[in-house]
1. In the list Glu73, Glu125, which residue meets the criterion of being modelled with pLDDT under 95, surrounded by fewer than 20 Cβ atoms within 10 Å (Cβ to Cβ), among the acidic types (Asp, Glu) and over 16 Å from Thr157 (Cβ atoms)?
2. Test Ala51 against the stated conditions and say whether it is modelled with pLDDT of 95 or more, within 26 Å of Ala134 (Cβ to Cβ), hydrophobic (A, V, I, L, M, F, W, C) and surrounded by 17 or more Cβ atoms within 10 Å (Cβ to Cβ).
3. Quick one: would you say Ala91 is buried (at least 17 other Cβ atoms within 10 Å of the Cβ) and in contact with a helix residue (DSSP H, G or I) (Cβ under 9 Å, 6 or more places away or on another chain)?
4. Within the stretch 94-119, take every residue that is within 16 Å of the chain's Cα centre (by Cα) and in a helix (DSSP H, G or I) and give me the one that is surrounded by the most Cβ atoms within 10 Å (Cβ to Cβ).
5. Could you tell me whether any residue of the stretch 128-139 is out of contact with any helix residue (DSSP H, G or I) (no Cβ under 7 Å at 6 or more places or on another chain), crowded, with 17+ Cβ neighbours inside 10 Å and either within 24 Å of Leu50 (Cα to Cα) or at pLDDT 90 or above (or both)?
6. Going through Ile92, Ile57 one at a time, which residue ends up being out of contact with any Phe, Trp or Tyr (no Cβ under 7 Å at 6 or more places or on another chain) and either farther than 24 Å from Val114 by Cα or of a type in the set (D, E, K, R) (or both)?
7. Might you check whether a residue that is over 29 Å from Tyr10 (Cα atoms) and either modelled with pLDDT of 90 or more or not hydroxyl-bearing (Ser, Thr, Tyr) (or both) occurs anywhere in the stretch 82-104?
Amino acid sequence: MNLDEITGRYETVVLEGCDGVGKSTLAERLGTHHGFAVVHSPRTPDHLDLASRYRTILARKGRILFDRCFISELVYGPLHRGRSRITWTQAIDLAESVIERSGVLIHLTAPPAVIHQRLLSRDGEAFGLEEISALVKGYETVFSTLADYTHVLTINTSALALPATG
């Protein structure tokens, strides 16, 4: 499936994957050229209810593209804080809400060495390869579990020309 098929078929797109995999670059392109309202989800403060935040966004009208969202919490939360602020029940419910909105979950991935180099080029610094490998594995595990409940499209971005957007 190519990007034109994605943008012609779906009203809601969730781009997920670890830092440096190309989410923001792809989101910018899809937003600019295909009319998606891009919602970038930086780290949400601990006192806010993440599931409610995403349910509110999913209730909006029009085309929505998430540049990271609730799935990242299932990966980064356990690795960086020892726990996720999104439960599996909430994640499955949110994934089903995306699908009900004529949506798709897209897992962007690349080899850890490629991600490491992109982060160095973009930021001048990067997580170590061990941590990047753990993040890549975390996303694979989360998406494998979600694939039991909904369709997941996996795209390896290592061969794509995705210049850093910042």
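The values are calculated or read from the model by the stated rules, or taken from the named source; none is laboratory data. Just so we're clear, the structure is a prediction, and the values are computed from it rather than from any experiment. Please note: Cβ atoms are built from the backbone with ideal geometry, for glycine as well, and neighbour counts cover all protein chains shown.
1. Details: Glu73 fails: surrounded by fewer than 20 Cβ atoms within 10 Å (Cβ to Cβ).
The conditions single out Glu125.
2. Values: modelled with pLDDT of 95 or more: no; within 26 Å of Ala134 (Cβ to Cβ): yes; hydrophobic (A, V, I, L, M, F, W, C): yes; surrounded by 17 or more Cβ atoms within 10 Å (Cβ to Cβ): yes.
It is false that Ala51 is modelled with pLDDT of 95 or more, within 26 Å of Ala134 (Cβ to Cβ), hydrophobic (A, V, I, L, M, F, W, C) and surrounded by 17 or more Cβ atoms within 10 Å (Cβ to Cβ).
3. Values: buried (at least 17 other Cβ atoms within 10 Å of the Cβ): yes; in contact with a helix residue (DSSP H, G or I) (Cβ under 9 Å, 6 or more places away or on another chain): yes.
Spelling it out, Ala91 is indeed buried (at least 17 other Cβ atoms within 10 Å of the Cβ) and in contact with a helix residue (DSSP H, G or I) (Cβ under 9 Å, 6 or more places away or on another chain).
4. Ile115
5. Kept after step one, since they are out of contact with any helix residue (DSSP H, G or I) (no Cβ under 7 Å at 6 or more places or on another chain), are these residues of the stretch 128-139: 128, 130-131, 137.
Pick out the ones that are also crowded, with 17+ Cβ neighbours inside 10 Å and you get none.
For the stretch 128-139, residues out of contact with any helix residue (DSSP H, G or I) (no Cβ under 7 Å at 6 or more places or on another chain), crowded, with 17+ Cβ neighbours inside 10 Å and either within 24 Å of Leu50 (Cα to Cα) or at pLDDT 90 or above (or both): absent.
6. One residue alone meets the criteria, Ile57.
7. Quick first cut of the stretch 82-104, residues over 29 Å from Tyr10 (Cα atoms) only: 82-83.
With the extra rule that they be either modelled with pLDDT of 90 or more or not hydroxyl-bearing (Ser, Thr, Tyr) (or both), the set shrinks to 82-83.
Yes, the stretch 82-104 contains a residue that is over 29 Å from Tyr10 (Cα atoms) and either modelled with pLDDT of 90 or more or not hydroxyl-bearing (Ser, Thr, Tyr) (or both).
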